[in-house]
Amino acid sequence: MSISKRVKEKRMELALTQAELAKRVGITQQSLQKIEDGRTQNPRKLLSLAKQLRCDPEWLLSGHLDEVREERSRYNNQNSTNNMRPLLSQNTLFGRQDSTADTMLEAPHSASSKAFWFMVIGDSMSSISGLSIPENYLILIEPEASPKHGDLVLAKLNTSQEITFKQLVMDAGNRYLKPLNSNYLPVQLNSDMEIIGVAKEAKRHLC
């Protein structure tokens, strides 16, 4: 497989358009098109391109090395033992102190060591029909899961320092965060937003 095919394959896997990837890398869309067409075999911004495609630059260039995935999350809980996982708040996820930091809750045995619980804020995921996850429900977030179309995901809005819980929708190469509550509008995922992980379980908080 050539570098052109590897770049295009990785870009499509991440559901990015040529324009989106080019902007993140810092090149023009025409330059990226030349790479994917095979006209450019040794990109000047190889390291930046590999970083945005979440792969090893040597693998991207030559195909000889195994793909190296970026870590899906920075929230590696070193104290997770057995099937207890931490309840993290919006403050905790942005590195601020919070009184809930020491709260541990039981999780399925299938949960990874990086999984954590989060309490739903607001009613944007509450629906009168179909799937509904009301405010104050607890959701188990799995940072190591690869988000795909239709998944319920937790995302960071870095500029406003907010955490949002929405359904990931992919349409025509674009990605959106869609509320289950029809009173709210979908928001297109942009470079200011970062998906933290995928919700694997939801339950009512009884305490």
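Quick notes on this structure:
- Under a Gaussian network description of the chain, with springs only between Cα atoms under 10 Å, the residue in 86, 143, 43 that fluctuates furthest is 43.
- Computed magnitude of the charge dipole of the range 3-62 (debye, nearest 20; Cβ of K, R +1, Cβ of D, E -1): 140
- Listed by chain and number, the lysines placed with their C-alpha closer than 25 angstrom to that of residue 203 are 114, 148, 156, 166, 178; residues fewer than eight positions away on the same chain are left out.
- In plain terms, the chain is cut at each of the GluC sites (Glu not before Pro) found in a DSSP loop with at most 12 other Cβ atoms within 10 Å, and the longest leftover piece is 72-207.
- Residue of 151, 192, 56 that the Gaussian network model of the chain assigns the largest fluctuation, springs spanning Cα pairs under 10 Å: 192
- By definition, a body whose alpha carbon gyration tensor gives a ≥ b ≥ c is rounded when a/c is under 1.5, and the range 141-207 falls into this rounded group.
- Qualifying lysines (Cα of each under 18 Å from Cα of residue 23; at least 8 residues distant if same chain): 8, 10, 34, 45, 51
- Cα-based convex hull, the chain, per residue volume (Å³, whole number): 145
- For the range 84-203, the alpha-carbon radius of gyration amounts to 1.02 times the rule-of-thumb value 2.2 N^0.38 Å expected for a compact globular protein.
- With at most 14 other Cβ atoms within 10 Å, longest stretch of the chain clear of loop trypsin sites (Lys or Arg not before Pro) (DSSP): 149-203
- Tensor-based shape of the range 3-62 (alpha-carbon gyration tensor, a/c under 1.5 rounded, otherwise prolate or oblate): rounded
- Each label point was placed 7 Å from the Cα along the Cα-to-Cβ direction; for residue 129 and residue 30 their separation is 5.1 nm.
- For residue 192, net neighbour charge (Lys/Arg +1, Asp/Glu -1) across residues whose Cβ lies under 14 Å away: +1
- Across the chain, Cα pairs under 8 Å and at least six residues apart give a relative contact order of 16 percent.
Any read-out appearing in this document is the output of simple, stated calculations on the displayed coordinates, not a laboratory observation. No experiment lies behind these values; they were computed from the predicted model shown. Cβ coordinates were reconstructed from backbone atoms using ideal geometry, including for glycine residues, and neighbour counts include every protein chain displayed.
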